[in-house]
Every structure is written in C-alpha cells, then in structure tokens.
Amino acid sequence: MAAPPAQNFGPQPNFNNIMQNLNAVMNEVTLIPNIPLVGQGNVIIQLLQQLQLEVQNIQRGLQNVQRDVQNVQQDLQNVQRDVQNVQQDLQNVQQDLQNVQRHVQGIVREQSLLPTKLFNSGAREHEPLVYPPGVGVAHPPLPLNRRELAQMTAKVTVIVASKIILTDG
C-alpha cells in the first residue's frame with residue numbers, strides 16, 4: 001500500500017530548542033535579584049517574578065502543545081494502520097466474491113446438464129441417449145443407449161464421463 005500523501009505544513013518549530021532557550025532565560029531571570037536595588041527595587045522584583053511565572057506558564061503551554069502534537073502523530077499512525085486493515089479486508093471480500101462466482105458458475109453448469117441427465121436416467125434400454133451440446137458421439141465412441149452403457153467397463157465409463165463433463169476428472 002502506498003503511504004497517504006504527506007501534507008506540507010511548511011517548516012515546523014523545534015520544541016526542544018524552545019524548551020532549552022526558555023530554560024536558559026529562566027536561569028538568567030533567577031539571577032536578577034542579585035542586581036543592586038535602586039529606588040523602587042521591590043516593584044522591579046515583583047515584575048520580574050510575574051515575568052518568571054509567565055515564562056513558566058509558557059513552558060507548560062509548550063509542553064502541552066508538544067504532547068498534543070505527539071498525540072496527533074499517534075492518531076495518524078492509527079488511522080494509517082486502520083486504512084491498511086480495511087484494504088486487507090477489501091481484498092479478502094474480493095477473493096470471497098471470486099470464490100462465490102466460481103461456485104455459482106459450477107452450479108449453473110451443473111443445472112444446464114440437469115435436463116440431459118434427467119432424460120437419460122429415465123430413458124428405456126434401447127432409447128437413444130442425449131448428450132450435452134458439443135459432445136461428439138463418435139469420438140471416443142460413446143454409448144448410444146442404456147444397454148450399451150450397462151455393458152461398458154468401469155475404466156471406459158470414467159473416460160466417457162470425463163469427456164461429456166459428468167465428472168471433474
């Protein structure tokens with residue numbers, strides 16, 4: 001099975017790089033309290049702490065996005081597997097239909113011979129036998145009536161039956 005065409009979404013973000021860079025920013029932000037305070041230093045510290053919280057929220061959001069991307073990738077793999085299973089099921093159904101068609105053809109073939117078989121089974125001893133269309137009586141010599149049929153050996157009977165499509169052999 002050919003893989004489904006890949007959708008081109010363009011370049012994708014590298015979440016690992018984003019996480020590493022945010023970690024580096026977080027490390028630097030934690031050093032800000034070491035800066036000597038000037039004037040309203042407490043306000044600056046509060047703003048930096050809020051900034052630190054925002055960065056942590058962004059990190060959590062990116063982790064959630066990364067998890068969502070992984071879930072979507074897993075879902076896509078599941079869909080691809082399901083498509084393969086459906087294709088296999090379709091192939092099995094097609095094979096089953098072909099088997100049914102062969103079986104029906106055999107039944108139709110057998111049904112088309114039924115009138116001939118019924119006539120011959122009810123024919124009297126000297127009455128001429130009827131053969132399916134296309135069966136030549138002269139090659140090999142086929143019995144002309146039930147009396148001749150009764151006098152045939154088992155080996156010759158099998159050969160004759162195969163020539164007139166009364167058996168699969």
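Which length gain, in nm to one decimal place, applies between Glu125 and Val25 when the Cα-Cα distance is subtracted from 0.36 nm times their residue separation?
Values: separation 100, 0.36 × 100 = 36.00 nm, distance 10.92 nm.
25.1 nm is the gain from fully extending Glu125 to Val25.
Net charge in the neighbourhood of Gln88 (other residues with Cβ under 14 Å of its Cβ; Lys, Arg +1, Asp, Glu -1) is -2.
Out of every Cα pair in the stretch 52-120, what percent are spaced more than 19 Å from each other?
Tail fraction, whole percent: 68.
Multiplying the residue separation of Asp96 and Ala154 by 0.36 nm and subtracting their alpha-carbon distance yields 17.1 nm. Near Gln52, once Lys and Arg are set to +1 and Asp and Glu to -1 for all other residues with Cβ below 15 Å from its Cβ, the sum equals -1.
Mind ranking Val160, Val65 by accessible surface for me, highest first, 1.4 Å probe? Intermediate values should be presented prior to the final figure.
On the way: Val160 10, Val65 65 Å².
Highest to lowest solvent-accessible surface, that is Val65, Val160.
The values are calculated or read from the model by the stated rules, or taken from the named source; none is laboratory data. Computed from a prediction, not measured in an experiment: that's the story for all the values here. Please note: Cβ atoms are built from the backbone with ideal geometry, for glycine as well, and neighbour counts cover all protein chains shown. Just the protein is used for accessible areas: all its heavy atoms, side chains included, with ligands, DNA and RNA removed. Shrake-Rupley method; radii C 1.70, N 1.55, O 1.52, S 1.80 Å.
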